[in-house]
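Working notes, beginning with the structure itself.
The values are calculated or read from the model by the stated rules, or taken from the named source; none is laboratory data. Because the structure is a prediction, the values reported are computed rather than measured. A quick note on method: Cβ atoms are made from the backbone with ideal geometry, for glycine too, and the neighbour counts reach across all protein chains shown. In case anyone asks, the SASA skips ligands and DNA or RNA and just uses the protein heavy atoms, side chains included. Shrake-Rupley method; radii C 1.70, N 1.55, O 1.52, S 1.80 Å.
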Amino acid sequence: MRAWGGVTAAAAFAMVACSPPGTDALTTSEQAVTERLGMIQAAVTDWSDATTLADARAAAERARNLVVGPDNELYGDGDGDGVMGGEAERGLLPGQTEEPGIAAAADSHECAVADVLGGSWEDPASRWDEALAVYDVWTPGNNTMPRLASHPQRIVGWATLALAADDLDKAHDYAGHAQIHVDVSVRAISDCG
């Protein structure tokens, strides 16, 4: 698990979950985002640590499904193994047809808006259309992911690439990129105030 400033993502989750009443404790919606980010972190860690391409793909599928939720065309058995990982009633982000995502409830938190949501989701279909277009034109020589303001949408992009990867080294490389965006998303909730 990666660390920043000596604090791992798991430790950050534990710190904010144990904040005493009356301090800068997270709101219920921010706690829900933090819990989901913990699940996404676990999937990215499994993806990074996978010893087979099939295991890496399964973990990438889990991470992607936890971000997108069932109201998204990317949700489902992305690796085609007959088992869907990362089942969720709602995604971290809003769905394509306006199903609210978990992070949408934290829209009063300026860092969640900036880094997790990546701005307004008034038109979720266009936000996902933009993301799908970015994923479609990505190449090793043309990293289009920075075009997306939402770091979880970038996680989805790296997971999508891992699901299409033809070797484990590529899948691991994509997991490293996804980890960066998990870290940014966690910091947006735990460190901004």
For the range 136-147, take each phi angle, set θ = phi - 60°, evaluate the Karplus expression 6.51 cos²θ - 1.76 cosθ + 1.60, and give the result in whole Hz per residue in order, putting x for glycine and proline.
-> 5, 9, 5, 9, x, x, 9, 6, 8, 4, x, 5
Assign one of three labels to the range 85-164, namely rounded, prolate or oblate, based on the Cα gyration tensor with a ≥ b ≥ c the square roots of its eigenvalues; rounded applies when a/c is under 1.5, prolate when it is not and a/b is larger than b/c, and oblate otherwise.
-> prolate
A 1.4 Å probe over the protein heavy atoms gives the range 141-189 a carbon and sulfur accessible-area percentage of 50 percent
Residues meeting the amide H criterion for Gly101 (H placed from the backbone, H to H distance under 5 Å, 5 or more places apart or on another chain) are Gly95
Which ³J(HN,Hα) values in Hz, rounded to whole numbers, follow from the phi angles of the range 114-121 under the Karplus curve 6.51 cos²θ - 1.76 cosθ + 1.60, where θ = phi - 60° and Gly and Pro get x?
-> 5, 9, 7, 6, x, x, 6, 10
Report the FRET efficiency, 1/(1 + (r/R0)^6), for Glu73 and Thr51, where r is their Cβ-Cβ distance and R0 is 35 Å, rounded to 0.05.
-> 0.70
